[in-house]
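Here's the structure we're looking at; comments come further down.
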Amino acid sequence: MTGVLFFHFTKSSASGTQQLVKMSRYLTKFRLAIPLVIQTRQLNAHRASIGSIGRSIYVRTYPTLLVQPDGSTITVQYNEPRAIIKLPLDFSTLSEAEKQKRLAQRKPKKKVKIEEEIEDTFDQDSYSHLWKK
C-alpha cells in the first residue's frame, strides 16, 4: 500500500498532538509504510478575505430594517448582518382588485415600440446637374 495520509489539525485543538500519537501508533502497529503529512490551518484575519465565514450563530446582533407588508418600517436587532428584511404579503387578506393589481406588478412590463414613418422628400432629379456624364 503506497500513498500519503493527510491529517488536518487546528492550532487551537489541544488534542491534536494526542491524535497524532494515536495515528502513529496505529501505523506502526500494522506496519504500514505510508509517509505521514500533517497540515495545520492558519486561522487568522486573512482567512476572512478569501470567502464568507460559515457561522451558524453570530456572536452579536445587528441593526436591521424590517419592512412590513403594509409598507411601514421598524429597526430591529437581528442575529445576521443584513440591511433589509421584507416580510411577505398575505394574499388571502387582500381584496380581489388588490390581488389583480399585485399580480400585474409582478409580470414583466411590455416594451412599447414606437415606429416612426420617415417622410421621403428627396428628389433625385434636382441634383442631376452635379453628376458627370
Open item on the list: Looking only at residues that are at pLDDT below 90 and in a loop (DSSP other than H, G, I, E, B) in region 89-113, which one is farthest from V59 (Cα to Cα)?
Closed with: K113
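Scanning region 98-111 for residues that are closer than 22 Å to S72 by Cβ and open to solvent by less than 100 Å² (accessible area, probe 1.4 Å), which turns out nearest to the chain's Cα centre (by Cα)?
We begin by selecting, within region 98-111, every residue closer than 22 Å to S72 by Cβ; these are 98-99, 101-102, 105-106.
Narrowing further to those that are open to solvent by less than 100 Å² (accessible area, probe 1.4 Å): 98-99, 102.
On the way: E98: 33, K99: 31, R102: 27 Å.
Ranking the candidates gives R102 first.
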Open item on the list: Please determine whether any residue of region 59-73 is open to solvent by 80 Å² or more (accessible area, probe 1.4 Å) and of a type in the set (A, V, I, L, M).
Closed with: yes
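The values are calculated or read from the model by the stated rules, or taken from the named source; none is laboratory data. Remember, it's a predicted structure, so these values are computed and weren't measured experimentally. Note that we place each Cβ from the backbone using ideal geometry, even for glycine, and neighbour counts take in every protein chain shown. To get the accessible areas, we keep the full protein, side chains included, count just its heavy atoms, and leave off ligands, DNA and RNA. Shrake-Rupley method; radii C 1.70, N 1.55, O 1.52, S 1.80 Å.
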